[in-house]
1. Which of Leu75, Leu112, Leu126 moves the most in a Gaussian network model of the chain with Cα springs under 10 Å?
2. So which residue, out of Leu29, Leu129, Leu38, gets the largest mean-square fluctuation from a GNM of the chain using Cα contacts under 10 Å as springs?
3. When the chain is fully extended, how far beyond the present Cα-Cα distance does His12 get from Glu130, taking 0.36 nm per residue of separation?
4. Given Cα pairs under 8 Å that are at least 6 residues apart, what percent is the relative contact order of the chain?
5. Give me the compactness ratio for the chain, meaning the Cα radius of gyration over 2.2 N^0.38 Å.
6. Under unit Cβ charges (Lys, Arg +1; Asp, Glu -1), what dipole magnitude, rounded to 20 debye, does segment 1-107 have relative to its Cα centre?
7. Lysines near Lys133 by alpha-carbon distance under 22 Å, same-chain residues fewer than 8 away left out - which ones?
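Nothing in this text is a laboratory measurement; each read-out follows from the coordinates by a stated rule. From a predicted model like this one, the values you see are computed outputs, not experimental measurements. All Cβ positions, even for glycine, are placed from backbone atoms using ideal geometry, and neighbour counts span all protein chains on display.
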Amino acid sequence: MRVSQVLSVKGHDVATISQERTVADALALLKERGIGALVVTGPAVPLAGIFSERDAVRALATSGAAALDQKVADLMSADVVTCQESTDLTQLMVTMTEHRIRHVPVVEESKLVGLVSIGDVVKARLEELEHDKRDLLDYVSGR
């Protein structure tokens with residue numbers, strides 16, 4: 001299974017935020033959208049970074065409430081691992097595990113086309129295993 005198949009079900013919508021916005025703005029958007037990460041936009045194409053709940057928790061632990069007034073650019077992860085629509089999900093799982101990340105932007109020809117979370121990968125893998133199980137049961141039972 002490929003990333004493109006996940007995006008065909010999930011969609012290509014990506015929540016973004018400007019690197020100039022505050023952490024408070026980012027947290028409000030995360031809550032509003034019910035998501036765990038935002039792609040950060042800025043002068044770098046296709047993205048400047050990624051801001052996740054983990055980044056916010058670390059900032060709050062270090063700076064307390066003052067972190068809420070900091071710019072997203074100050075706390076985002078700038079070294080972002082990306083993938084392509086043609087990326088195999090098994091390889092993406094390995095990459096996510098090795099880098100200890102939960103969100104991977106999907107980039108094609110320097111354009112942001114989606115975002116895949118570890119939840120998306122697990123859901124797709126479970127559906128794939130369930131399909132394989134049904135096929136094997138049908139084969140064994142002679143259907």
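1. Of the options given, Leu126 has the highest mean-square fluctuation.
2. Checking each option, the largest mean-square fluctuation is seen for Leu129.
3. Stretched fully, the His12-Glu130 segment lengthens by 40.0 nm.
4. Working: 194 pairs, mean separation 37.8, N = 143.
With pairs under 8 Å counted, the relative contact order is 26 percent.
5. Against the empirical 2.2 N^0.38 Å value, I get 1.23 for the chain.
6. On the way: 10 positive and 12 negative charges, 42 e Å.
Using Cβ point charges on Lys, Arg, Asp and Glu, segment 1-107 gives about 200 debye.
7. Cross-link targets: Lys123.
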